[in-house]
Amino acid sequence: MTPSPSPRLAVIVVAAGSGTRLNGGGPKAFVALDDRSILEHALDGVFAAPSAHVVVVVPDGYEDSARTAADRVRRVDVVVGGRTRQESVAAGLAVLEPSVEFVLVHDAARALTPVAVFERVVHALERGASAVIPAVPVVDTIKRVDHDGVILAAVDRSELAAAQTPQGFRRDVLEAAVAAADADHTDDAALVAAAGHTVVTVAGDASSFKITTAPDLERARSLVAPRPALIPRVGLGTDVHGFGGEGALWLAGLEWPGEPALSGHSDGDAVAHAIVDALLAAAGLGDIGTHFGTDRPEFAGAHAEAFLSHTVGLLAAAGWRVGNVSVQVQANRPRFAARRIEAERALSAALGGAPVSVSATTTDGLGFTGRTEGVAAFATALVVPL
Ligand code: CTP
Ligand code: MG
């Protein structure tokens with residue numbers, strides 16, 4: 001994309017500083033945040049103003065690097081800056097297209113300035129402001145101190161605002177102020193105010209902080225670092241138990257009076273155990289043997305509630321919650337139809353309220369379930385990042 005042939009708006013990106021306080025092994029704007037430099041990130045916000053003439057001001061010898069960084073997205077003009085920020089701004093102003101009426105000056109060091117801040121500044125200019133800067137309230141308690149660090153006075157914070165960039169100006173106002181400057185100012189608003197103009201503010205943004213020192217760089221790097229994708233995961237679990245246990249039958253979290261019991265280290269509840277395996281698999285936490293082996297006496301004879309609530313705790317510790325569970329029982333008996341909803345409620349309650357669907361089928365007389373030797377259960381589970 002190229003800017004329109006006669007743009008009304010220009011953005012001067014000042015990137016010619018040496019970055020002495022950062023000490024990043026080269027000019028600050030060319031230090032990497034990820035696989036892209038501070039300058040490249042700063043240009044993301046700049047390029048959101050589609051028809052602007054963009055001028056990047058860089059240290060001598062960095063013109064080609066800047067052109068390569070920018071030209072992947074859009075053509076920019078690159079000029080060499082001066083000894084001070086003010087001189088660098090003047091170098092940018094010198095190459096503006098004749099049609100430009102409004103100029104934004106932006107620190108490359110504010111690499112993560114959101115597009116909305118650019119929009120607020122441009123909007124204020126279009127509504128008639130001669131000079132506008134983004135500012136954020138000062139949150140710290142501020143003191144005036146002497147050279148030895150002794151407090152001279154408290155400063156009323158309500159009167160203070162921290163200035164950010166992009167700072168926007170009517171072109172004639174900024175050019176006249178730069179031409180008339182008799183001192184070095186740390187930002188353009190100070191220069192324009194010294195020339196007698198009113199400077200208004202719009203809301204800045206916390207993420208528009210200036211990368212100045214090593215901790216600022218760390219903060220910016222962590223903000224652009226890719227985060228692990230927050231996607232749900234599925235898991236599969238099966239279990240089989242044979243009839244021949246002691247006492248009553250426990251299955252799907254319910255006691256089934258009059259039905260033959262299943263055998264097993266615990267109560268033999270194949271439905272609950274299949275669900276546990278599906279949940280652990282979904283969360284990547286191993287399987288039921290990893291957490292409920294026969295070396296865990298507290299689970300001898302335990303019912304579904306103990307298995308499932310312990311599993312929910314394991315998941316939570318690893319950053320997961322249960323999305324939902326679907327489980328199918330293959331068995332000639334017990335007959336599930338009359339107690340299916342009751343089983344779903346019991347299992348769901350043990351899982352902290354996550355939905356559980358239970359279905360049941362016979363196997364047409366085939367296999368060990370068809371011969372009423374035991375039951376089999378098959379579960380799928382979805383887990384969701386906390
Ligand atoms: N800048 C510039 N030309 C200069 C000095 C500064 O274009 N002669 C730019 C910087 O590249 C930066 C912005 O002005 O994007 C704000 O300056 P600052 O954060 O002070 O950057 P540096 O001057 O590079 O850092 P330091 O003061 O630590 O050396
Ligand atoms: Mg500086």
Looking for something away from ligand 2 (no atom under 16 Å from the Cβ) and touching a strand residue (DSSP E or B) at 6+ places or on another chain (Cβ under 8 Å) - is there at least one such residue anywhere in the stretch 20-43? yes
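Residue 77 - would you say it is closer than 25 Å to residue 176 by Cβ, within 15 Å of ligand 1 (Cβ to nearest atom), charged (D, E, K, R) and open to solvent by 10 Å² or more (accessible area, probe 1.4 Å)?
Answer is yes for this residue.
Of the residues that sit in the stretch 9-23 and are over 12 Å from residue 104 (Cβ atoms) and modelled with pLDDT of 95 or more, which one is surrounded by the fewest Cβ atoms within 10 Å (Cβ to Cβ)?
Step one: filter the stretch 9-23 for residues over 12 Å from residue 104 (Cβ atoms), giving 15-23.
Going one step further and asking which of them are modelled with pLDDT of 95 or more, we end up with 15-22.
On the way: 15: 29, 16: 28, 17: 22, 18: 14, 19: 22, 20: 9, 21: 13, 22: 20.
Applying the filter and picking the extreme gives 20.
Just one of 255, 218 is over 15 Å from residue 343 (Cβ atoms) and without any contact (Cβ under 8 Å) to a residue 12 or more places away in the chain; which is it?
Working: 255 fails: over 15 Å from residue 343 (Cβ atoms).
It is 218.
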When you scan the stretch 347-365, do you find a residue that is out of contact with any helix residue (DSSP H, G or I) (no Cβ under 9 Å at 6 or more places or on another chain), part of a helix (DSSP H, G or I) and surrounded by fewer than 20 Cβ atoms within 10 Å (Cβ to Cβ), even just one? no
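Taking the options 33, 22, name whichever one is aliphatic (A, V, I, L, M), closer than 20 Å to residue 223 by Cβ, within 13 Å of ligand 1 (Cβ to nearest atom) and in the same structural domain as residue 214 (by TED's automatic domain parsing). Quick ask: steps written out before the conclusion?
Details: 33 fails: within 13 Å of ligand 1 (Cβ to nearest atom).
None of the other options fit; the residue is 22.
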The conditions are (1) modelled with pLDDT of 95 or more; (2) open to solvent by 40 Å² or more (accessible area, probe 1.4 Å); (3) under 30 Å from residue 126 (Cβ atoms); (4) aliphatic (A, V, I, L, M), and residue 32 fails exactly one of them. Which is it? (3)
Residue 156 under 27 Å from residue 54 (Cβ atoms) and away from ligand 1 (no atom under 16 Å from the Cβ): no
Restricting the search to the stretch 76-97, which residues are over 13 Å from residue 16 (Cβ atoms) and either within 16 Å of ligand 2 (Cβ to nearest atom) or not in a helix (DSSP H, G or I) (or both)? 76, 77, 94, 95, 96, 97
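The values are calculated or read from the model by the stated rules, or taken from the named source; none is laboratory data. A quick note: this is a predicted structure, and the numbers were derived from the prediction, not measured. Cβ sites come from the backbone with ideal geometry, for glycine too, and all protein chains shown count toward neighbours. Note: accessible area is taken over every heavy atom of the protein model, side chains too, but ligands, DNA and RNA are not part of it. Shrake-Rupley method; radii C 1.70, N 1.55, O 1.52, S 1.80 Å.
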